[in-house]
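Student: The structure under discussion is supplied below as structure tokens; questions concerning it will follow.
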């Protein structure tokens, strides 16, 4: 088995990877909303639900000055990403 590892080298790529990962269960029609997928980090990042497995990254911390601001911006990222990937 061959595993290819790609490093996330810039902020834009990290954002794109986050959106892609959060939207996978929705695109696969497993759930209608990313918050309904129990193994997603969406509830932690967009809703503030505590999850000991999730580390905040520096880019996430830069989304706002407060937890609420960061959560709102993260939701915008993911929703914008859904619209960008709907035609794919």
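The values are calculated or read from the model by the stated rules, or taken from the named source; none is laboratory data. Because the structure is predicted, anything quoted here is derived from the model rather than measured. When we count neighbours, we look across all protein chains shown, and the Cβ atoms used for this are built from the backbone with ideal geometry, even at glycine.
Student: Here's a check for you: in region 51-67, which residue that is outside any loop (DSSP other than H, G, I, E, B), touching a residue at least 12 places away in the same chain (Cβ under 8 Å) and closer than 21 Å to residue 10 by Cα is farthest from the chain's Cα centre (by Cα)?
Tutor: 59
Student: Condition first: exposed (fewer than 13 other Cβ atoms within 10 Å of the Cβ) and in a helix (DSSP H, G or I). Now tell me which residues in region 28-50 satisfy that.
Tutor: Correct list: 47 only.
Student: Within region 62-69, does at least one residue satisfy the condition of being surrounded by 10 or more Cβ atoms within 10 Å (Cβ to Cβ) and at pLDDT below 90? Walk me through how you get there before you give the answer.
Tutor: If we filter region 62-69 for residues that are surrounded by 10 or more Cβ atoms within 10 Å (Cβ to Cβ), which is where we start, we get 62-64, 67-69.
Narrowing the set further to residues that are at pLDDT below 90 leaves 62-63.
Within region 62-69 (the criterion being surrounded by 10 or more Cβ atoms within 10 Å (Cβ to Cβ) and at pLDDT below 90), the answer is yes, since at least one residue qualifies.
Student: Which pairs turn up if I take residues in region 15-30 that are touching a residue at least 12 places away in the same chain (Cβ under 8 Å) and look for partners that are outside any helix (DSSP H, G or I) and surrounded by 12 or more Cβ atoms within 10 Å (Cβ to Cβ) with beta carbon separation below 7 Å, at least 6 apart in sequence or on another chain?
Tutor: Filtered contacts from region 15-30: 22/40; 25/31; 25/37; 25/40.
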